[in-house]
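Below you'll find the structure, written out as structure tokens, and then a few comments.
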Amino acid sequence: FYLSRTIPLPHSEIAKKRFPDAIIVGVKKAGTRALLEFLKINPLVKAPGPEVHFFDKNFNKGLEWYREQMPETMNGELTIEKSPAYFHSKNAPERIKMLNPNTKIIIVVRDPVTRAISDYTQSSSKRKRLGLMPSFEEMAVGNCAMWLKANCTTKTRGVNAGWGAIRIGVYHKHMKRWLDNFPMQNIHIVDGEKLITNPAEEVSRTEKFLGLTPVAKPTNFGIDPIKKFPCVKKSDGELHCLGKTKGRPHPDVKLDVLQTLKEFYAPENKRFFQMVNQWFDW
Ligand code: A3P
């Protein structure tokens with residue numbers, strides 16, 4: 001004991017809190033929690049528990065506060081933070097670049113129509129007055145009332161494009177700010193749908209982007225018998241699934257409204273695909 005306290009450890013072996021090497025910046029409701037939990041299968045990946053929200057809400061707390069939120073890591077380990085509201089925050093890209101222009105940026109995307117429904121499901125579950133909450137259809141294409149903070153007397157291609165749940169899904173508008181600040185080779189796009197159907201492959205791709213030797217394999221995953229979403233399978237076979245706020249049942253949305261949204265997003269999605277040179281089937 002005496003020796004271990006007096007002989008200084010080589011510098012490389014001192015655990016300390018470090019700024020993140022990579023940040024999962026969004027997109028909200030696209031599967032960001034699942035990605036982070038799955039990346040942690042790799043023992044070199046370390047992350048703070050809660051969302052830190054430094055570059056949007058807590059910036060005035062200062063850099064030392066930010067570092068303090070991080071886990072202790074050894075050399076060779078990677079610190080990853082996830083705050084999905086960064087994606088659509090005006091300031092986050094520039095602020096992250098100011099801290100470290102080599103930060104690796106990870107963005108999970110999914111069909112913006114599904115994402116909007118998921119976002120709505122989350123906000124309506126937060127509002128206790130569920131019965132009073134307008135339907136998704138009313139919010140998305142209706143003559144919105146006082147519920148919508150945005151002015152929705154004018155519609156874009158039949159849609160209340162000012163509603164946050166819709167606006168966040170116009171990915172190219174937000175993506176531009178990231179590309180103004182980071183080169184594409186520092187940005188990794190994760191397919192949120194494949195993260196559900198083939199998590200091992202999506203996670204391996206992300207591990208490679210992070211410069212790690214991939215460890216995620218299909219045998220690391222099992223399916224939640226109730227929610228039908230993938231979970232991490234521990235070595236004893238026990239499933240570690242995400243909490244009850246992830247994988248909620250969505251309301252049935254009228255087909256004509258789904259079609260209007262699909263048509264609304266089609267040109268916006270195309271601009272996003274061209275911007276990142278990656279194509280998705282939505
Ligand atoms: P729903 O709860 O609306 O289905 P985020 O973590 O970015 O907030 O994303 C939440 C969404 O991730 C969930 O939205 C769900 O569809 C999706 N998801 C992806 N993989 C999942 C998993 N393994 N377990 C639960 N939800 C998952």
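Brief remarks on what is shown
- Electrostatic bookkeeping for T260 treats Lys and Arg as +1 and Asp and Glu as -1; over the other residues with beta carbon under 12 Å from its beta carbon, the sum is +1.
- Calculated on the Cα set of the chain, radius of gyration then Dmax: 20.5, 74 Å.
- Computed on the stretch 11-276, with alpha-carbon pairs under 8 angstrom and 6+ residues apart, the relative contact order is 22 percent.
- ³J(HN,Hα) computed for each position of the stretch 98-107 - Karplus, 6.51 cos²θ - 1.76 cosθ + 1.60, integer Hz, glycine/proline x: 4, 6, 7, x, 9, 4, 8, 10, 10, 10
- Phi to ³J(HN,Hα) by Karplus 6.51 cos²θ - 1.76 cosθ + 1.60 over the stretch 42-56, Hz, x for Gly, Pro: 6, x, 7, 9, 10, 8, x, x, x, 6, 8, 6, 6, 6, 10
- Net charge contributed by nearby residues that have their C-beta within less than 10 Å of N160 (K/R +1, D/E -1): +1
- Amide proton proximity set for V45, modelled H, under 5 Å, gap of 5+: L78
- Peptides 233-245, 37-49, 110-122 ranked from most to least packed give 110-122, 37-49, 233-245, packing being the mean of other C-beta atoms within 10 angstrom over each peptide's residues.
- Here the Karplus curve 6.51 cos²θ - 1.76 cosθ + 1.60, taken at θ = phi - 60°, turns the phi angles of the stretch 260-271 into couplings of 4, 5, 4, 5, 4, 7, 3, x, 5, 4, 4, 5 Hz, with x standing for Gly and Pro.
- Cβ crowding within 10 Å averaged over residues, with 78-84, 50-56 ranked highest first: 78-84, 50-56
- With both residues required to sit in the chain, DSSP beta bridges show an antiparallel share near 35%.
- For K246, the aspartates and glutamates whose Cα comes closer than 18 Å to its Cα, not counting residues fewer than 8 places off in the same chain, are E37, E51, D111, D119, D191, E193, D224.
- In terms of the mean number of neighbouring beta-carbon atoms within 10 Å, the peptides 248-254, 101-107 order highest first as 101-107, 248-254.
- Stretchable slack from K228 to F19, in nm (0.36 nm times residue separation minus alpha-carbon distance): 71.7 nm
- Amide H within-cut-off set for K104, under 5 Å, with H built and near neighbours excluded: A22, I23
None of the figures in this text is laboratory data; all of them are computed from the coordinates on show. Quick caveat: nothing in here was measured; it's all calculated off a predicted structure. Backbone-built Cβ (ideal geometry, glycine too); neighbour counts: all protein chains shown.
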